[in-house]
1. For the ranges 46-57, 122-133, what's the packing order if you count other beta-carbon atoms within 10 Å of each residue, average per peptide, and put the highest first?
2. Let me have the relative contact order for the range 56-273, percent, based on Cα pairs under 8 Å that are six or more residues apart.
3. All other residues with a Cβ under 10 Å from the Cβ of Glu67 taken together, and with Lys, Arg as +1 and Asp, Glu as -1, what is their net charge?
4. Between the range 140-172 and the range 106-137, what's the alpha-carbon centroid distance in Å?
5. For the chain, find the longest principal axis of its Cα atoms and tell me its angle to the long axis of helix 81-90, 0 to 90°, nearest 10.
6. Please express the shape of the range 219-304 as an equivalent ellipsoid: the semi-axes are the square roots of 5 times the eigenvalues of the C-alpha gyration tensor, given largest first in whole angstrom.
7. How charged is the neighbourhood of Phe79? Take every other residue with its Cβ under 11 Å from the Cβ of Phe79, and add Lys/Arg as +1 and Asp/Glu as -1.
8. Throw me the Rg/Rh for the range 41-126, computed over C-alpha atoms with Kirkwood Rh, two decimals.
Amino acid sequence: MWIDRQDLLYTIRSARREPLLSSIAVVALSLGVGLNAGVFTLLNAMFLNAPTPINPATFVQLYPRYEGWFTGAGQISSFTTEDYDAIRTQATALEQAAAWQQSSAILEQRHRRIAALLVTCSYFHVFGIDRPLLGRFLTPHECDRGTAAQVAVLSEPFWKTQFGADPHIVGGTIHLNGLPFTVIGIVPSDAANFLSGGVFIPYTLQPVLDRGGNLLASPDSPWLGISARLRQGYSRADAQAELATILRQQDRAYVERKVSPLNRKTSVILTNGSFVQNPALQDLTLTLMALILGPLLLVLLLACSNVTMLFLSRAIVRRGEIAVRLALEIGRARLIRMLLIESLLTALIAGPTSIALAYRVPLLIMNVADPDRSGFVPLMHPNWRVFG
């Protein structure tokens, strides 16, 4: 047996004789490891993971790169309505595509500006959300152009913080930018946390909600982000090749219709939807992660060095004891084993505390960052990548 019972009991007695030193070592390790693991758990969920926990391998985010157009040479942009229609109807490698745009509105019931998302009716399905908490989701006819119904879906955090979890809100009316919207459903918090926005409304209501021009009918206005699901049997490379062909056809049609004197050329990039793979934000994301994790790594190294110094100081004090043990012909292997058991005991006590911190730190950070969403944060749990 590698761990001798006598050595273990002696280690426990030693820790009891020096409770302050043992406690400092445990606290230093717990804070150093737990804080680092917790922050990396947050960064992993926000920057490295796909924005859906449901079958993320099939989720893709599309980014167009327009050249020779007013958006700028090689600039990552959004899609026009016509490009989205072509992708939605012609791409066989995609099982379903959804478009969306970040927006905002004035919620008159609370006299405050809120985050809103203009979405297609396939949006929730593409993000792996098939069942509402209450009510229902958008139906295809509610997204028809020209006949779009003024309906809205609320996220559970938004519903609870702004309307006190009123169970009768479904079927009721809220007013956004002075317009009445009928609430038809609530997105559950475990799903809504991965989505941006507290209110989701049909994207065809953009001219009504924004009152700043009809982007739906403008072939010169890229404004839609597109997310999709790969059809079974197709890879991301297959989808990218097909989408490149579809967008080349769109470019030719754009030139032939003489929409603009500019000669548009479009390419497309497909990612898993994470921030770190966003071609427009990749460098910024990596720099931000380095700036956050760098100081935290120094904290971890400082904690480890402090624990090391504490153990060395204890070893110096115990030189006489070690000399006596060697004089009594206790083997060096057993002596080393005894010292390792002392370190292992400290690590075993600090380990569970570190894990608990790794689970709690993301919640604390998110709740401090946005007190209105206190208690409603993404399901950020450490995984193999974090512990690795």
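Computed from the coordinates by the stated procedures, all read-outs in this text should not be read as laboratory data. Keep in mind the model is a prediction, meaning the values are calculated, not measured. Note that we place each Cβ from the backbone using ideal geometry, even for glycine, and neighbour counts take in every protein chain shown.
1. Descending packing order for the listed peptides: 122-133, 46-57.
2. 35
3. +2
4. 6
5. Value to nearest ten degrees: 80.
6. Details: eigenvalues 318, 66, 16 Å².
Equivalent ellipsoid of the range 219-304: 40, 18, 9 Å, largest first.
7. -2
8. On the Cα set of the range 41-126, Rg over Rh gives 1.03.
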